[in-house]
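Nothing in this text is a laboratory measurement; each read-out follows from the coordinates by a stated rule. Keep in mind that what you see is a predicted model, and the values were worked out from it rather than measured. Here the Cβ is made from the backbone with ideal geometry for all residues, glycine too, and neighbour counts use every protein chain on show.
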Amino acid sequence: TLKPLRMKTKESLIRLYTVYFLVLFLGIGIISQIFYLQIFKGEQLKSDANKQIFVSRKVIAPRGNIYASNEQKTSLALSVPRYKVFVDLITIKEKDFKENIVGLSDSLAYLLGNKTSLEWKNILEKQRLDSNRYFHIARGLRNDQIVRLKNFPIFNLGKYRGGCIVIKSNQRVKPYGMLANRTVGYAVENKGNKPILVGLEGAFNEYLKGQNGLMLMEKIRGNEWKPVDDEFSVEPVPGSDIYTSIDVNIQDVAEDALLRQLKDQKAQKGCAVLMEVKTGFVKAIANLSYDPKSETYFEAQNHAVGLASEPGSTFKLASLLVALEQGKVKITDSVEMNGKYEFYDNYLTDGGKVYGKNTVKTAFEKSSNVISKIIYDNYNNSPQEFIDGLKEIGIHHKLGLDILGEGIPLIKEASDPTFTGITLPWMSIGYELKMTPLQTLALYNAVANNGVFLKPQFVKYIKKGSEVQQEYEPRILNSSICSKSTLKDLKEMLEGVVERGTAKNIKARGFKIAGKTGTSKIAQGSKGYGNQYQASFCGYFPSQNPMYSCIVVVQGPTKNIFGSVVSGTVFKEIADKVYAQEFHKETILYNDSLNRFPYSRNGNKNAFLVASKTMNIPVDDLSDETSQLIATRTGNNAIKIISKKIQKGLVPDVVGMGLIDATYLLEQFGLFVQPVGSGIVREQSIKAGYRVNKGQKIVLQLG
């Protein structure tokens, strides 16, 4: 009996030791792992854990503004602050929540208008039961709405007790809508790819975009995050402001004139560009295309910059420039304009017209295709000489515009396999080559600018606050495109086109226009030429002392195809209105013989006194000493200023003020300002003297 008992005891000990050693080894393993994790992996694991709870998110910096050139500092594109609102319902004490939930619900219903007070109350109570620490209230709120919201019951208890979380963002807006829309352009971040950059927004993106900031975000549940106030957060730095050469008044004139003609002609698309002759700065650029779906015209593509096409007869200026400069012809030479000019098995006509024996000057004025014969006869044995003459002007190169997407000009070499026997005469009248409207305009502008070929530019300077970061001076691409004698002949011919030739229908009163018409068939790729035409007119005004050059191009007109009618009339309307505006400035604002002073606007008293002192303008101060808002009256010997009364709680009168002063004053009253147009305030949608409702929109009609 003792033997079996010993055997059982031995088996029990074996089991006991086995369990003991298993537990021992397991404990050692656990302790070793803890030691390993604590000593060797501790920092990494701690960092990984923090990443799961806290992350730094990028905060997009406000983009800089894009301004027009006029003294109103009119915005073509700007970033306006907009706010998202969330609420952490857990941080609100039970007592505060119960006592104020009805008041908060009433306030939200009144401010937002998308839900009733009862709906807000039920939603907030449910979200509190669900322990929601980041419940979305609203997005896209303005600053005045946020000011009101922070005074609502519960929210007015402060950031921590009230639970209100406000996140600022920026919204890009264009106050003038489609005005110069494609030229202003846009910049879009494209995840994983290069950003999409269009127009001025794209060209100057590095200046406009600023420096992004960082915000620490806390993970609260699932994929929901909320911002955390933290010393490591970095505030974004706003971008620089771009000051363009675009004049919104001229831009409006150009777009309006072009749009009406496109509608009348039921054309496919068109563009109009106006440029300062002496500087090359573009004052207006309109690009409109027809959308068959919406049956409207809109700015879809920048045709003036990117559309390289066969220019047609406007290129005859370049052809004769080369021939005159190289001594091949004179504008007084006789030519036989018999109406039909044969080249091998092809021929060109003058549209059924026969002008008989006349001069080269008359041929240009009448836009006769005898110019093709002139060029062919002089260069057939050495076509490269003609092409080299064109290249000396510089029109075979891109202009190097800041805006992306400039079309590539095409001037064939004589050695090109596609250069045939008829290429030379066809090139001379604007076929078998390509130029964009802006490239053509730059050539005509050079003639107006006494031979100085300038780069067209859209931006005058870039500012960071009050500091000028970059200033753009006129950029010379070719200091002399030809001799003075050739220039004299070209100017004489261009003026003759309007005085006696194909564009005599656009003769203006009070000043002279110089320019050239163009009508060309539009190539349909491998199909050759169809029945669609491009009508254009390019020139400058006033012809004796040119201020502006301008080109108008219309593709696919249906009622008329000729440049003089389709594009010339648009040119004339632009020239008439722009010249009247400039003439008004010179004879009214700056003519000392009239014993008048520059026109002044109602506004801030201190700012006016500083400006008048700087300009040495006498002031007759009839205002109260304490008044900061004044109205001005121009007298014979001084500008009189009188006080404008402001009553607390009543909408002030801002008619006659500039937009900046008017906006500053109205926003002090808690009103949301929406400007329409440019210039000074002509009308305000809420009459002066009405009681102010904070946050209400007031529309200012400018003119």
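A few comments on the model shown:
- Across region 247-263, coupling constants 3J(HN,Hα) worked out from phi with the 6.51/-1.76/1.60 Karplus curve, θ = phi - 60°, read 9, 5, 5, 5, 4, 5, 4, 5, 5, 5, 5, 5, 4, 5, 6, 4, 5 Hz, and Gly and Pro carry x.
- Förster radius 60 Å - calculated FRET efficiency between ASN156 and LYS521, Cβ distance, rounded to 0.05: 0.25
- Cβ-Cβ distance of LEU129 and ARG57, R₀ of 25 Å, FRET efficiency by 1/(1 + (r/R0)^6): the value works out to about 0.30.
- Axis of helix 42-53 versus longest Cα principal axis of the chain: the two differ by about 70°, to the nearest ten degrees.
- Distant-in-sequence amide contacts of GLU683, defined by a placed amide H-H separation under 5 Å and a gap of 5 or more residues or a different chain, comprise GLN701.
- C-alpha center-to-center spacing [region 301-349, region 109-179] in angstrom: 67 Å
- Calculated over region 409-557: convex hull of Cα atoms, volume per residue (Å³): 198 Å³
- Cross-link reach list, aspartates and glutamates versus LYS697, counting only Cα pairs under 20 Å and skipping chain neighbours closer than eight places: ASP144, ASP653, ASP661, GLU667, GLU683
- Using θ = phi - 60° and Karplus 6.51 cos²θ - 1.76 cosθ + 1.60, couplings along region 349-355 (whole Hz; Gly, Pro as x): 10, 9, x, x, 8, 10, 9
- Pairs exceeding a 29 Å alpha-carbon distance, out of LYS412/LYS516; LYS373/LYS455; LYS577/LYS605; LYS95/LYS694: LYS373/LYS455; LYS577/LYS605; LYS95/LYS694.
- Remark on region 267-422: Rg and Dmax equal 18.7, 54 Å (Cα only).
- Gyration tensor verdict on region 379-467 (Cα atoms; rounded if a/c is under 1.5, prolate if a/b is larger than b/c, oblate otherwise): prolate
- Antiparallel bridges, percent of DSSP beta bridges restricted to the chain (to nearest 5): 90 percent
- The chain: calculated mean residue ellipticity at 222 nm from DSSP helix runs of at least 4, using -39500 (n - 2.57): -10500 deg cm²/dmol
- Of the trypsin sites (Lys or Arg not before Pro) in region 337-391, those whose Cβ has at most 15 other Cβ within 10 Å and which sit in DSSP loop: LYS353
- Within straight-line reach of LYS316, meaning a Cα separation under 12 Å, sit the following aspartates and glutamates at least 8 residues removed in sequence or on another chain: GLU365.
- Sites matching chymotrypsin sites (Phe, Trp or Tyr not before Pro) across region 317-392 that sit in DSSP coil, with at most 12 neighbouring C-beta atoms within 10 Å: TYR344
- Between LYS687 and LYS84, residue separation times 0.36 nm minus the direct Cα-Cα distance comes to 213.9 nm.
- Shape call, region 452-501: gyration tensor on alpha carbons, a/c limit 1.5: prolate
- Cα centroid separation, region 364-418 to region 673-694 (Å): 55 Å
- Cross-link reach list, lysines versus LYS293, counting only Cα pairs under 18 Å and skipping chain neighbours closer than eight places: LYS263, LYS266, LYS269
- FRET efficiency, 1/(1 + (r/R0)^6) with R0 51 Å, evaluated for ALA611 and ALA138 via beta carbons: 0.75
- Shape of the chain, Cα gyration tensor, a/c cut at 1.5: oblate
- Sequentially through region 115-122, phi angles give Karplus couplings (6.51, -1.76, 1.60; θ = phi - 60°) of 9, 7, 4, 5, 4, 4, 4, 5 Hz, Gly and Pro residues having no value and appearing as x.
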